[in-house]
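Here is the structure we will look at.
The values are calculated or read from the model by the stated rules, or taken from the named source; none is laboratory data. What you see is a predicted model; the values in this text were computed from it and never measured. So basically every Cβ, Gly included, is an ideal-geometry build from the backbone, and we count neighbours across all protein chains shown. Ligands, DNA and RNA are stripped out before the accessible areas are found, and what is left, the full protein with its side chains, is counted by its heavy atoms. Shrake-Rupley method; radii C 1.70, N 1.55, O 1.52, S 1.80 Å.
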Amino acid sequence: MQRFSAWSLLKQAFGSHGGWQPQWRRATPKPAYDAIVVGGGGHGLGTAYYLAAEHGLRNIALLEKSWIGGGNTGRNTTILRSNYLFDESARLYDHSLKMWRDLSQVLNYNVMYSPRGVLMLAHSVHDVQVLKRHIHANRCNGVDNEWLSPAEAKAFCPPLNIERNIRYPVMGGALQRRGGTARHDAVAWGYARAADALGVDIIENCEVTGIRRDAGGAIQGVETSLGYIASRKVGVVAAGNSSVVMGMAGVRLPLESFPLQALVSEPVKPVMPCVVMSNSIHAYVSQSDKGELVIGAGTDAYTSYTQRGALHVNMHTLAAICELFPAFRRMRMLRNWGGIVDVSPDRSPIIAKTAVPGLYVNCGWGTGGFKATPGSAHLFAWTMAHDEPHPINAPFTIERFREGLLIDEAAAAAVAH
Amino acid sequence: MLLIHCPYCGDRPELEFSYGGQAHIARPSKPESVTADQWVEFLYLRSNPRGVHAERWRHVRGCARYFNALRDTRTDRFIATYKAGEAPPQQSGSTP
């Protein structure tokens, strides 16, 4: 791997940048691997990287049906935060948020982690109570979160409208200063490059079409569009397609796949200093380093695999943003797109072993998986390597739905998050 | 936005409807004799197919009645809608 540094940039500049090599090999599948990761998004690439970097596995394949980072990793609004209500969630998401801090150094790849603060707005007495409850719960768990009055929110985010004459006036907000954004593509590319350097075969355009099990039920390998590949350890990190892939092994999941949309505006000069979220009126907005406003819309009502959604879903969030940020009313939107998110009944993920020996699953991240990329990958690699969950992801089993031990962030937040 | 054929009212825009999830899931008739695994099946497990999905819709801003639909989740194209209580219509071999 060519390491990136000021010196390497300078050296390449003198060679007209002709000496850069591809950041990962174009691998072709070998007949067998020690471990296979299905799904080349951030969570999957990270899993392959940590299996190699921390657990000493070298003979690993990562299978991606199209190109890496082309699914939800490249389609989300890049918001990072860990201010979840329940202890289990706070531990999981904060494990991840802490890993973002030095991820660029660890991967030698600039993931542009920017802890610019995530401000969640309250618009009703109920919102105020819910957000304050979150703040207290977070502080008990060592997660920073603080209450801002409307004036303090305005001082932190100057374009915010705190006038009382709008339909849902701002009554305050919860600010997590460590929250922020990161560059989503860089996360995929950084993990891919680092995993490749440790010998992981990253195989793009390789769709898993079947999962083969032996007479005892254990995993033998996977059928793919490039032929059969043997492995006794298979980890499925397929996001919206988790139900489809796991169904090939006869495992049913408590998931439904919905389209989730996002959009960006034309690029403008820096105007949004932080991330602003409003769960009640559904607005998610931040500004990318390119200058585009990055706006998250909601999920469509129905399950789908189309990677597109309806315009009225975007209009709903834009109406909220125009109220909260009157200065944005004349801005033009450049692009919108959809991704397919796998939503679990309690809106918490599943990072677990399955009843099938050798088969592991990391899914159910729903509308909020990007923030968890490093932590999720790290814990899932641990689970695959040790054949048992790490204490942090131990509560995030499939069996919790049978045992009634739900981690009900859906009820806690009352919205998709 | 989808154009949805209500079996009672005809073609209407998606905004008039609410989605009711997977169809043909019957609540256990004797809850006291249902095992934990059967509750998981009823409450949480969903088919979530990449293909034809039988699902419930409600024409909430119209006749307010529930009905069922077959829709292909790869294209969002409706194959058929039918009244609640009816069996899903037979599909021809070709996919839409």
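Between A:192, A:174, A:151, A:155, the distinction of being among the aliphatic types (A, V, I, L, M) and assigned by TED's automatic domain parsing to the domain that holds residue A:248 belongs to A:192 only. Does region A:88-129 hold any residues that are of a type in the set (Asp, Glu) and either crowded, with 21+ Cβ neighbours inside 10 Å or touching a helix residue (DSSP H, G or I) at 6+ places or on another chain (Cβ under 8 Å) (or both), and which are they? If the condition is that a residue be of a type in the set (Asp, Glu) and either crowded, with 21+ Cβ neighbours inside 10 Å or touching a helix residue (DSSP H, G or I) at 6+ places or on another chain (Cβ under 8 Å) (or both), then A:94, A:127 are the ones that fit. Of the strands (runs of 3 or more DSSP E) contained entirely in region B:1-83, those carrying at least 1 residues that are surrounded by fewer than 17 Cβ atoms within 10 Å (Cβ to Cβ) and more than 13 Å from the chain's Cα centre (by Cα) fall at B:3-6, B:10-13, B:77-83. Among the residues of region A:266-316, just one is within 21 Å of residue A:186 (Cβ to Cβ), over 18 Å from the mean Cα position of the chain (by Cα) and small (Gly, Ala, Ser), namely A:291.
Would you confirm whether any residue within region B:84-96 is open to solvent by less than 80 Å² (accessible area, probe 1.4 Å) and polar (S, T, N, Q)? Taking every residue of region B:84-96 in turn, none turns out to be open to solvent by less than 80 Å² (accessible area, probe 1.4 Å) and polar (S, T, N, Q). Residues satisfying the criterion are present in region A:236-249 (criterion: assigned to a loop (DSSP other than H, G, I, E, B) and either in contact with a Leu (Cβ under 9 Å, 6 or more places away or on another chain) or away from chain B (no Cβ under 14 Å) (or both)). If the condition is being open to solvent by less than 10 Å² (accessible area, probe 1.4 Å), of a type outside the set (A, V, I, L, M) and away from chain B (no Cβ under 14 Å), then region A:250-278 contributes A:265, A:274, A:278. Residues of region A:203-225 that are open to solvent by less than 10 Å² (accessible area, probe 1.4 Å) and farther than 17 Å from residue A:359 by Cα: A:203, A:206. When residue A:228 is tested against (1) farther than 24 Å from residue A:60 by Cα; (2) open to solvent by 10 Å² or more (accessible area, probe 1.4 Å), exactly one condition is not met: (1). For region A:40-98, the tally of residues that are assigned to a helix (DSSP H, G or I), among the hydrophobic types (A, V, I, L, M, F, W, C) and touching a Leu at 6+ places or on another chain (Cβ under 8 Å) stands at 7. Cβ separations smaller than 9 Å between residues 6+ apart or across chains give no pair from region A:32-46 residues that are outside the structural domain of residue A:236 (by TED's automatic domain parsing) to residues that are part of a helix (DSSP H, G or I) and among the basic types (Lys, Arg). Could you tell me which residue of region A:333-366 is surrounded by the most Cβ atoms within 10 Å (Cβ to Cβ), considering only residues that are of a type in the set (D, E, K, R) and away from chain B (no Cβ under 14 Å)? This residue is A:353.
Would you mind stating whether residue B:88 is within 15 Å of the chain's Cα centre (by Cα), assigned to a loop (DSSP other than H, G, I, E, B) and within 14 Å of chain A (Cβ to nearest Cβ)? Considered against the rule, which asks whether it is within 15 Å of the chain's Cα centre (by Cα), assigned to a loop (DSSP other than H, G, I, E, B) and within 14 Å of chain A (Cβ to nearest Cβ), residue B:88 comes out as no.
What number of residues within region A:269-299 are in a loop (DSSP other than H, G, I, E, B), modelled with pLDDT of 95 or more and either among the small types (Gly, Ala, Ser) or under 25 Å from residue A:127 (Cα atoms) (or both)? Summing the residues that are in a loop (DSSP other than H, G, I, E, B), modelled with pLDDT of 95 or more and either among the small types (Gly, Ala, Ser) or under 25 Å from residue A:127 (Cα atoms) (or both) in region A:269-299 gives 5. Out of A:330, A:308, one residue alone is outside any helix (DSSP H, G or I), within 12 Å of chain B (Cβ to nearest Cβ), basic (Lys, Arg) and surrounded by fewer than 20 Cβ atoms within 10 Å (Cβ to Cβ). It is A:308. Would it be correct to say that residue A:174 is farther than 30 Å from residue A:254 by Cα, part of a strand (DSSP E or B) and in contact (Cβ under 8 Å) with a residue 40 or more places away in the chain? Here the answer is yes, as residue A:174 does meet what is asked.
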